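Written out below as structure tokens is the structure these notes cover.
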Amino acid sequence: MAYRRLDAVSRLAPAARLLGIRALIAVPVTVAVSAAMFAIASLSPFDPLAVYLGDNYQSATLSQRQAVRAAYDTDVSWYTAWWRWLGDLFSGDLGWSSTQSQSVEAVLTQRMPFTLGLSTAALIAATLIAVTLGALAGMRRGGVLDKICSALSATFAAVPPFVVSLVLVAVLAVGLGLFPTSGARSPGDPYTASGLVGHAVLPFVALTISQVPWLLLTTRAAVVDTAATDAVRAARARGIHGWALLKGHIVPSSIAPTLALLGTRLPEVIAGAAIVETVFGWPGVAAVLVESASALDFSLLATLTVGAALAVLLGSALSDAAATALDPRIGMRA
């Protein structure tokens, strides 16, 4: 028992060390990302007054426009705005969203659960589907299942998420009337568990489909390579076949590429979620992200951008740490 405990600690120590180094690296990276966001956003061709004034934009006088600019600090330089935002952030204040007329914290509290719930559920489902089908297809290379999975994966990998979303809406929502077309509840109704599930089916399916292809193809390729190794041939010679061979010899050696891909696919999950949310009118952060970018709502835009960057860094670090812990042969360096 003591030997097993020491072995587990020795295998987890490199992963923990990797996570610590990545955490230190994440600090300057996120600061640089936030500064770059302010600099790039300041070059936007959009006039934020068009959002703030709405229909009154064309008829507003010069003095009215100057008053609005002064009220929302749109005339300050990007580095001044960035420094103010950074100071407020370190003091625990995420700032005020001018486009949503409420604090950024309130915006995130209301909308982030919808985005996190949809993205997490879709990523978990896509991983389970891709790993299962990829492993089975790799074990039966050249078989019917392998050909079907490879063909479908290649097809859906070339289809953008918004096309999949529009097809689902046209066929299942509009054509057959099986699911709601948009939103997370019926007009005038409160949010309920059953209502959320019913409205989430189509965006969940669309986001899941967009994530399966590359995960499946990566898993299949890793299983095919592992199945051709001398260790697996020796196991087969000893009479180990089927599930025992897959579970005990092939999956542990072929899971590392899939874990690495999961970490690098997080940007696409975030981008895909934004597209899917927009098509289905899902009340996540996608809509406010677009509004904040067009109106130069720096407080909200910076928070969402930095949050996305941290999610990518965290996903990459966790996938690398998991691969290091699962396979002691990996000499992972940050």
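The values are calculated or read from the model by the stated rules, or taken from the named source; none is laboratory data. Here the structure is a predicted model, which means the values were calculated and not measured. All Cβ positions, even for glycine, are placed from backbone atoms using ideal geometry, and neighbour counts span all protein chains on display. Side chains are part of the model used for accessible areas, which takes the heavy atoms of the whole protein and leaves out ligands, DNA and RNA. Shrake-Rupley method; radii C 1.70, N 1.55, O 1.52, S 1.80 Å.
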Subset of the range 111-135 [touching a residue at least 12 places away in the same chain (Cβ under 8 Å) and open to solvent by 50 Å² or more (accessible area, probe 1.4 Å)]: Arg111, Met112, Ile129, Leu133
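Can you list the helices (runs of 4 or more DSSP H) found entirely within the range 189-285 that contain at least 1 residues being closer than 30 Å to Asp297 by Cα and either within 23 Å of the chain's Cα centre (by Cα) or free of Cβ contacts under 8 Å to residues at least 40 places away in the same chain (or both)?
On the way: elements: 193-227, 230-237, 242-245, 251-264, 266-280.
Hits in the range 189-285: 193-227, 251-264, 266-280.
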Selected residue [more than 20 Å from Ala273 (Cβ to Cβ), within 20 Å of the chain's Cα centre (by Cα) and open to solvent by less than 80 Å² (accessible area, probe 1.4 Å)] from Ser186, Ser153: Ser153
Residue match in the range 136-148 (condition: surrounded by 14 or more Cβ atoms within 10 Å (Cβ to Cβ), under 22 Å from Leu196 (Cβ atoms) and touching a Leu at 6+ places or on another chain (Cβ under 8 Å)): no
For Gln100: the one exception among (1) surrounded by 15 or more Cβ atoms within 10 Å (Cβ to Cβ); (2) part of a helix (DSSP H, G or I); (3) polar (S, T, N, Q): (2)
Condition check for Leu166: open to solvent by 20 Å² or more (accessible area, probe 1.4 Å) and within 30 Å of Gln110 (Cα to Cα): yes
